[in-house]
1. Using the structure shown, decide if B:Val46 is assigned to a strand (DSSP E or B), closer than 30 Å to A:Leu289 by Cα and in contact with a Gly (Cβ under 9 Å, 6 or more places away or on another chain).
2. Taking the residues in the stretch A:157-194 that are closer than 16 Å to A:Ile260 by Cβ and among the aliphatic types (A, V, I, L, M) as candidates, determine which candidate is surrounded by the most Cβ atoms within 10 Å (Cβ to Cβ).
3. Among what's in the stretch B:4-44 and is farther than 21 Å from B:Ser71 by Cα and hydrophobic (A, V, I, L, M, F, W, C), pick the residue that is nearest to the other protein chains (Cβ to nearest Cβ).
4. Since A:Gly244 meets every condition but one in (1) within 14 Å of another protein chain (Cβ to nearest Cβ); (2) buried (at least 23 other Cβ atoms within 10 Å of the Cβ); (3) in contact (Cβ under 8 Å) with a residue 60 or more places away in the chain, which condition does it not meet?
5. Return yes when B:Ile98 is away from every other protein chain (no Cβ under 14 Å), surrounded by fewer than 20 Cβ atoms within 10 Å (Cβ to Cβ), at negative phi and β-branched (Val, Ile, Thr) and no when it is not.
6. Could you figure out which of (1) among the acidic types (Asp, Glu); (2) over 30 Å from A:Asn183 (Cβ atoms); (3) without any contact (Cβ under 8 Å) to a residue 24 or more places away in the chain isn't true of A:Asp142?
7. Please find, among A:Val290, A:Val325, A:Val266, A:Val339, the residue that is surrounded by 14 or more Cβ atoms within 10 Å (Cβ to Cβ) and either within 23 Å of the chain's Cα centre (by Cα) or at positive phi (or both).
8. Return the residues of the stretch B:22-33 that are among the hydroxyl-bearing types (Ser, Thr, Tyr) and at pLDDT below 90; say none if nothing qualifies.
Amino acid sequence: MPVKAVLHTGLIQPWAATLGDIPWPLLPVGNRPFLEYWFEACIDLGIKDVRLVLGEGAEFVEAYAGDGEKWGLALTYSFLKDGQDPDAFLRRNPGQWAAGLFYLRTPVFFHRLSDGGPQAVVPSGVFVDRSLDGAVNCLLSDSPDFLKAYIEDPRACREGRPFADLNFRPSLISSVKEYYDLNMSVVGEDASRYLNAGYSLKSDVSIGFNVILPPSVTVTPPVAIGNNCRIGAMTSVGPLAVVGNHAIIDRQADLSECVILDGTYVGRGLEIHGKIVVGSRLIDPESGLVAEINDPLLVAHVRPMVKSGDAIRAVFGWVCAVLIVILQAVPFAVLYPVVKLFRKGRFRRASVHLTGGRVGPLLEFVPCSGRKVTGLGKLFQALNLDLFPGLCKVVTGHLWLCGARPISSPCENSFRAQVKEYFPAVLTYDSDDREHVEPGGHLANTLYYARFRSLLGDSRMMLAVLLNRPLIVLSAGE
Amino acid sequence: MNVQFEQRGTVGVVTPQEDMTADSVDSLKNQFVDWLSRAGGVKNVVVNLSMVEFMDSSGLGTLIALLKRVSERGGDLKIACLPKKVRMVFEITRAYKIFEITDSVDEAVRICP
């Protein structure tokens, strides 16, 4: 049985939240995502069997890493539920790790102490790195006794050898300043060890593909520029500048000792020195000061390209919603006063996260206090008239027709923080049986929809919900 | 926009009470021009930004316009009490190269020629 690696990417890191919507495993370090350095550490240690434990930004991490073939790894995935202890994953099936385990629990960067190739065999022994409070950041062990002890009580396990014996120096990233310093170190003194070559003849300059770089741009090494960037004329880039993917640097700007994250626009003539810029947010890593610059002439988010599929889904959903609203208007106007009069149900105002980052009210059909929805109320639901207020929200552009269940505000804000691509909708995977969704099911449904959404899927969902729901509502409680 | 004007000898102290953005700077500019025409003997101006939490490019443009107007009268315009977030805007736009910035209004008044 081969030694396995378990890489935890799911724990929410407060420092990374300051840096915008990019999940921390995908934050750039030099010209590559942080996660890729973990894969390299696995390769260096001769480990090919890697389990990624996902949580925050799961869909993006999975989309990036795929099956690991790109790195010669065999990647498999597990999911960390919100608030779950990362070590709990190891306890699920301790027998899996009998042959040995390389466990990365927190965002630790593996600095190589010297250049060298991958190990032919996985090193033998117990290697542990702890933070100051004694918590284990990462470990490598082929000792079943040690692993058993660790899994039983992570804090009580014995010490191991330092990773320096394996030519590594793990350093924990726990603040924006440490993230900034790591970038400066990787692009600066360690550039030859970590940076991908890129498209540049200059030493210590890495430029990604599809980068527009006019001849008047001054590039002073070391510099790392990602893919699909546009650098304006007479701009000065470097020394020690990290520019992520899809960035636009306007003319005559001056970038040095800075990190420009993905999808950021830097305005004309600006001087960015000693700062991190992410969209419209300017961060001073030294002081931790964060300034939101609400001025698109200075720094801003590059407008995300609307996926053509989403645009088609939006039009399709809107047209369908209008038709359904027209069909339902008269029955709703007739039946709802009767339902309310006989106390068979009522609409309750809930505060939810809507489209476009807005929070607003949504009317939910609920039983009157102390009663069940029966008779007329069931008929009202079976005709899908309880969806009428939500459908009106689709017509006004506050909701999608098909997508994920709207997330309540503020009680589910932490849930919302885990969902990067959010399509709050009236018709969802669980809208025909909302009461019987397992814990964590809403999150799974939301992430699944974001990952696999399509026009065909929406059509199927709409038909399934509108046709099946009446049967389920009428048969419930019989 | 609510702006306070104060005269200390030949120095005028201007204190905007709100953020300086595209929505508010026209009002600041008009009030400043009006006050400058009425105030006798004001040569130099200190803009106290202690109450300004955010400034965008329009705000900076207005400060430059005020500087130009004061310079035309043979005076100078200084900035005092720059909050940290506004200081970051000054840094990235290189506005610190245009204006003399002091930590207090008193210091700015003292160094006015």
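The values are calculated or read from the model by the stated rules, or taken from the named source; none is laboratory data. Note that this is a predicted model, so its numbers are computed, not measured. Cβ placement follows ideal geometry from the backbone for every residue including glycine, while neighbour counts extend to all protein chains displayed.
1. yes
2. Residue satisfying both the conditions and the ranking: A:Val187.
3. B:Ala22
4. Single failed check for A:Gly244: (1).
5. no
6. Single failed check for A:Asp142: (3).
7. Just one listed residue meets the conditions, A:Val290.
8. Within the stretch B:22-33, B:Ser24 is the sole residue that qualifies.
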